[in-house]
Protein chains: 2
Amino acid sequence: MSDSLKRSHSCGLLTKEAAGEQVVLCGWVAKRRDHGGLIFVDLRDRSGIVQIVVDPDDAGNSFTTAEAIRSEYVIKVAGKVRLRDAATVNPNLATGEIEVVAADLEVLNAAKTPPFYIQDDIDTDENLRLKYRYLDLRRPEMQKNLILRHKVTKLMRDYMDKNGFCEIETPMLTKSTPEGARDYLVPSRVNPGKFYALPQSPQIFKQILMVAGMERYFQIARCFRDEDLRADRQPEFTQLDIEMSFVDAEDIMEMMEGLMAYVFEGAMGKKIQLPMQRLTWDEAMDRFGSDKPDLRFGMELVNMSEAVKDSDFKVFNAIVEDGGVVKAINVKGYAAIPRRELDGLVEFVGIYGAKGLAWMQIQEDGSVKSPIAKFFSEAHLANILKTAAAEPGDLILFVADKPAVVAQALGALRLEMAKRRELIDEDMLTFAWVVDFPMFEYNDEEKRYVAMHHPFTAPRNEDLAMLATDPGKVYAKAYDMVLNGTEIGGGSIRIHRRDVQNEVFKAIGLTEEQAKEKFGFMMDAFEYGAPPHGGLAFGLDRLIMIMAKRDSIRDVIAFPKTQSASCLMTQAPNDVDEKQLRELHIRATLVKKDK
Amino acid sequence: MSDSLKRSHSCGLLTKEAAGEQVVLCGWVAKRRDHGGLIFVDLRDRSGIVQIVVDPDDAGNSFTTAEAIRSEYVIKVAGKVRLRDAATVNPNLATGEIEVVAADLEVLNAAKTPPFYIQDDIDTDENLRLKYRYLDLRRPEMQKNLILRHKVTKLMRDYMDKNGFCEIETPMLTKSTPEGARDYLVPSRVNPGKFYALPQSPQIFKQILMVAGMERYFQIARCFRDEDLRADRQPEFTQLDIEMSFVDAEDIMEMMEGLMAYVFEGAMGKKIQLPMQRLTWDEAMDRFGSDKPDLRFGMELVNMSEAVKDSDFKVFNAIVEDGGVVKAINVKGYAAIPRRELDGLVEFVGIYGAKGLAWMQIQEDGSVKSPIAKFFSEAHLANILKTAAAEPGDLILFVADKPAVVAQALGALRLEMAKRRELIDEDMLTFAWVVDFPMFEYNDEEKRYVAMHHPFTAPRNEDLAMLATDPGKVYAKAYDMVLNGTEIGGGSIRIHRRDVQNEVFKAIGLTEEQAKEKFGFMMDAFEYGAPPHGGLAFGLDRLIMIMAKRDSIRDVIAFPKTQSASCLMTQAPNDVDEKQLRELHIRATLVKKDK
């Protein structure tokens, strides 16, 4: 075998401009077929596919070589580019106007027959794809995902660098803190009985870096959470992590809007309209029943409590009297919904805790068809229709319950109906900020307030006085960036004043001593000159998934794990030697025997 | 406190061009002093320091505020830039020609007195610096190190991107393999009794990515080795990891030379002469006694075996007859070395296993002063001097032993003498490639050959035939990049042919079945069309350390660990709850009680 592998061109980039040129190509055999005494090879590399023609008259001995090749063989071809006959031009292929006439063909490596086709849109079982990930990643659509991911992170770094941010690596072997999600632990060999934790995020370190005067930090950081995995969760995930000093929330949001505009323009040629829309948390919950509203369509939640007041419908009346609320959405033009589908929707809202669903179908003559219509006067009905801006042909869906339940159920129903009615333009990119989150939520189990984000989040200045008196009414300087109904990033201005920090600890039931015990070194650090600062983090996997229009984050991660946190390719996690455990001063209490 | 923190300028970037301008600055109080009824504040941010003058006439109430500030307080100052009087210009300060007259001064945060000075060149105990890392990192020289690190990684990514490399993240939760260094293990909660390992390097994944057709991969990757820590080792470290398909060793070396030139030019304005010098491993060992020779100075090892042949000095004769070798270095102009220092050198080479050191001091009249001179004839002495290119005033140092011992002892002595004689120009950057490493080394304990790099390294084509017959003579397509006597990167062309891989496994005493068991999924992957490929990895921490001219990699890592693998700031590793261990199905066998 020759060592000289220098390629002259990439397969997928050859165009008719190259006609007549001598080229050397390397790649994988995507397809081989024999026709009229010739052998045709679709040769694939990262850039795409080009057709090779092996003619015994041109290729000499290499023709025999070509006869032996099979799919996924790795070959090297030297030959001449020529224009195809008009009749054989393939308009579906970027290189479809030309072909390469092989003069020399060499097999660099043979290949067994792959367990699935190396092409886009296969419907192979995902577990098989994960086991043979090296073949799955050879499929052009998967390569495109990884290349997009590379482009996006490159653009992010370019933007952050241009704006004076410094990428700083923070430790992976860190300290376990009992707060937050479950830690992945790493036993220490040198310090018997002690453990490191893999970071759930670089939160503490990035705040420490602000105390250290770095002013503008970022990192594309691996994070770890040992939680039971849902569809879009991975044990390890990546975030773009950012922190700035001497700024307010608006400064950070503006900087991040610029980042998104830069990344989407650079990676996809899409222009984003700035500034992004801002919604308070209250408004988002009220109008969309969600703190991450999908704004690509309307169908907003409307409050019917006023319109249904004083009717004969006791169910609504009782709920409203009990502090509940009646809200509705108007599914335009869907009055003809089948009864069976309506029954399904009752079940659907049930998942979100709603005890029932009421509906009104607005007939073509303007009359209302509804099991509950009889409880309402003409005036009531007219008011309801007006409130919902309903016209003939529309369907109004009602949920009445505690406000939180109504928001959750009707918010989910809104999304579901939009999908069914195909109201969502998949090409739209609708960004928004949701701001002014409640600072605390009341935890019924623990009978105390807990921080909605984390206890270092700063309360709004105007709410500081209520920290001691009415913590439930305090809002935080927190902000989430939402794209097409997905939270892609979130953060806050942090507390930098000791007195405010103490008030917040008090509000969540911590004495200053307890706080010291839990957050000791960080509290110490903050006493040596902490600047005002804030930041946020973007979930990179999810962002790339949206950009690549995939349904699973596993499609934008090179080597993801299954829902049981295993790697099907390497068989991690695996058994280890007893000796390894002894050295780490631990013992497995429950070992599955393989035999 | 006002939310509006918008700074107009960075402290360290204000020049006389800004004279007359209104500015708003934020930063830390580096120094405050009172003089002539005025308060002078050195205000520091990431960019540098500027002098603030607080005059009661200009500052009004802010003068009282200024009276209360102490070192490391965080303040905001609004004021006007003015030129300093010629007499008070400070030429040692970038901003020394101007000062800012404060109109308004606000304390953003107070600070306790730091345990050490926030300035360069402190000789504080490193443990104190590590405990208060947030203060240590506030020192300008430490900030510069982190900013340099950011710049270097940015430049690396720019270069790799320009050259078609795709940055791909590989998993941190991987499979434990019994090869190589000791793994850090992570117990799995979902898979009881099983463990992940943190990666020692992304080696297997990057080769898998080549099989996956990614062609050009890189990653700035965190790696982990649970080894006893020497001065320049950390439990977690960072490498620039690279792999390419369809290339030979020369292609990779050329690409990497371009990278270094780009990075050194971009980060430090230093031009590197290309191509870099190439030395075979044999030549490096022969001439410099090291596989990472420092080429900033000469003092090469010369072989004296021929020159001392047939003398009356039985020690040399016996060693040479026994397969040993006599080599020497010429320390120019150091004939006047004190006797005590010579005795010290005997001890010095003893550390490296040499049983003795001989010397010859060449007197001004050309005569030789040496305890062993009497054993040599005039002709012998003349020949020795000629071989060493020795002149009056020179000192020749001899070591005679087995070739490996001579190389090690004399290689170390060469470096030591260069330091003592101050022969090393600290501003020089001397790069070289060391190539053609031996493929195997014989392991006396295991009585078998083991791979010098790893068993996936490709042998040289011309040596393939010797794999079965004489493995000790096989050289590998391996290459290390050396800078100023430090190995900064290393890699190899990998085996992609199954038959060659089998031969290599045989040479290290593995049957094909044992190999399958150890490297199963990787061997599988290689049967589905593996392209010819190779790569390398650079140790980022060490490279930055050299660029920053620091003696410790801890100075270029934001949050390093001590030699007992602890973080003095966060107290990681720490004790964890029994509940956490129970959930992970492990038990600590040795728990230090804190009480």
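Below, the figures for the structure above:
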quantity: Scope the range A:209-224; condition at the interface with chain B (Cβ under 9 Å from one of its Cβ atoms) and part of a strand (DSSP E or B); matching residues; calculated: A:ARG216, A:ILE220, A:ARG222, A:PHE224
quantity: Criterion: aromatic (Phe, Trp, Tyr) and surrounded by 19 or more Cβ atoms within 10 Å (Cβ to Cβ) - qualifying residue of A:PHE316, A:PHE348, A:PHE375; calculated: A:PHE316
quantity: Any hit, the range B:447-466, residues being touching a Leu at 6+ places or on another chain (Cβ under 9 Å) and within 14 Å of chain A (Cβ to nearest Cβ); calculated: yes
quantity: Checking A:ASP312 against (1) more than 32 Å from the chain's Cα centre (by Cα); (2) more than 17 Å from A:MET299 (Cβ to Cβ); (3) outside any loop (DSSP other than H, G, I, E, B), the condition it does not meet; calculated: (3)
quantity: Residue in the range A:528-547 that is surrounded by fewer than 19 Cβ atoms within 10 Å (Cβ to Cβ) and within 14 Å of another protein chain (Cβ to nearest Cβ) present; calculated: no
quantity: Counted residues, the range A:198-214 - those being in contact (Cβ under 8 Å) with a residue 60 or more places away in the chain and not hydroxyl-bearing (Ser, Thr, Tyr); calculated: 8
quantity: Among residues of the range B:443-467, those that are within 28 Å of the chain's Cα centre (by Cα), within 17 Å of B:ASN502 (Cβ to Cβ) and not in a strand (DSSP E or B), counted; calculated: 4
quantity: Residue tally, condition among the β-branched types (Val, Ile, Thr), away from every other protein chain (no Cβ under 14 Å), surrounded by 17 or more Cβ atoms within 10 Å (Cβ to Cβ) and closer than 30 Å to A:ILE553 by Cα, over the range A:483-525; calculated: 1
quantity: B:ASP232 surrounded by 23 or more Cβ atoms within 10 Å (Cβ to Cβ) and not in a strand (DSSP E or B); calculated: no
quantity: Options A:ARG587, A:ARG582: the member that is surrounded by fewer than 23 Cβ atoms within 10 Å (Cβ to Cβ), basic (Lys, Arg), within 7 Å of chain B (Cβ to nearest Cβ) and more than 23 Å from the chain's Cα centre (by Cα); calculated: A:ARG587
quantity: Hits in the range A:536-577 (condition: part of a strand (DSSP E or B) and within 19 Å of the chain's Cα centre (by Cα)); calculated: A:LEU536, A:ALA537, A:PHE538, A:GLY539
quantity: Residue within the range A:487-504 that is over 24 Å from A:ALA212 (Cα atoms), part of a helix (DSSP H, G or I) and in contact (Cβ under 8 Å) with a residue 24 or more places away in the chain present; calculated: yes
quantity: Residue under evaluation A:ILE118, criteria (1) of a type outside the set (D, E, K, R); (2) closer than 29 Å to A:ASN61 by Cβ; (3) not in a loop (DSSP other than H, G, I, E, B), criterion not met; calculated: (3)
quantity: Residue match in the range B:84-100 (condition: facing another protein chain (nearest Cβ under 10 Å) and not aromatic (Phe, Trp, Tyr)); calculated: no
quantity: Options B:GLU215, B:GLU126, B:GLU141: the member that is touching a strand residue (DSSP E or B) at 6+ places or on another chain (Cβ under 6 Å), more than 30 Å from B:LEU581 (Cα to Cα) and of a type outside the set (A, V, I, L, M, F, W, C); calculated: B:GLU215
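Let's see how each residue does on (1) among the small types (Gly, Ala, Ser); (2) in contact with a Pro (Cβ under 7 Å, 6 or more places away or on another chain); (3) on the phi > 0 side of the Ramachandran plot; (4) free of Cβ contacts under 8 Å to residues at least 40 places away in the same chain:
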{"site": "A:ILE49", "(1), (2), (3), (4)": "no, no, no, no"}
{"site": "A:ASP57", "(1), (2), (3), (4)": "no, no, no, yes"}
{"site": "A:ASN61", "(1), (2), (3), (4)": "no, no, no, yes"}
{"site": "A:ARG70", "(1), (2), (3), (4)": "no, no, no, no"}
{"site": "A:LYS80", "(1), (2), (3), (4)": "no, no, no, no"}
{"site": "A:LEU83", "(1), (2), (3), (4)": "no, no, no, no"}
{"site": "A:ALA87", "(1), (2), (3), (4)": "yes, no, no, yes"}
{"site": "A:PRO91", "(1), (2), (3), (4)": "no, no, no, yes"}
{"site": "A:THR95", "(1), (2), (3), (4)": "no, no, no, no"}
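One line per residue, one yes/no per condition, for (1) more than 7 Å from chain B (Cβ to nearest Cβ); (2) over 21 Å from B:ARG189 (Cα atoms):
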{"residue": "A:LYS175", "(1), (2)": "no, no"}
{"residue": "A:TYR184", "(1), (2)": "no, no"}
{"residue": "A:PRO187", "(1), (2)": "no, no"}
{"residue": "A:GLY193", "(1), (2)": "no, no"}
{"residue": "A:GLN200", "(1), (2)": "yes, no"}
{"residue": "A:ILE204", "(1), (2)": "yes, yes"}
{"residue": "A:GLN207", "(1), (2)": "yes, yes"}
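Taken together, the values in this text are just the output of simple stated rules run on the coordinates, not laboratory data. What you see is a predicted model; the values in this text were computed from it and never measured. Reconstructed Cβ throughout: ideal geometry from the backbone, glycine too, with neighbour counts over all protein chains shown.
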